[in-house]
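Just so it is clear, none of the values below were taken in a lab; they were calculated from the coordinates. What you see is a predicted model; the values in this text were computed from it and never measured. No Cβ is skipped: glycine too gets one built from the backbone with ideal geometry, and neighbour counts run over all protein chains shown.
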């Protein structure tokens, strides 16, 4: 199990890069997908950070997830107007 948790940093990194690429898309569907990919990467980073006792990384991932959710809500509210 330790080996699997140690390897989580790689898919977490790939998902973070993919989500970052998609968030800049001009297509709304891709931007929406980036939201979910970012949240999945947050979960993987938290699991890896908890395993390695990287407290600052875990806290940062919770903050980034909260900011991502805030942005999604603001975007939804702006679109609904």
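List of remarks:
- Distance in nm between pseudo-label sites at residue 24 and residue 78 (7 Å out along the Cβ direction from Cα): 1.8 nm
- D (Stokes-Einstein, µm²/s), Kirkwood Cα radius, the chain, 1.567 mPa s at 4 °C: 97 µm²/s
- For the chain, the mean residue ellipticity at 222 nm estimated from helices alone is -29500 deg cm²/dmol, where every DSSP H run of n ≥ 4 contributes -39500 (n - 2.57) and the total is divided by all residues, rounded to the nearest 500.
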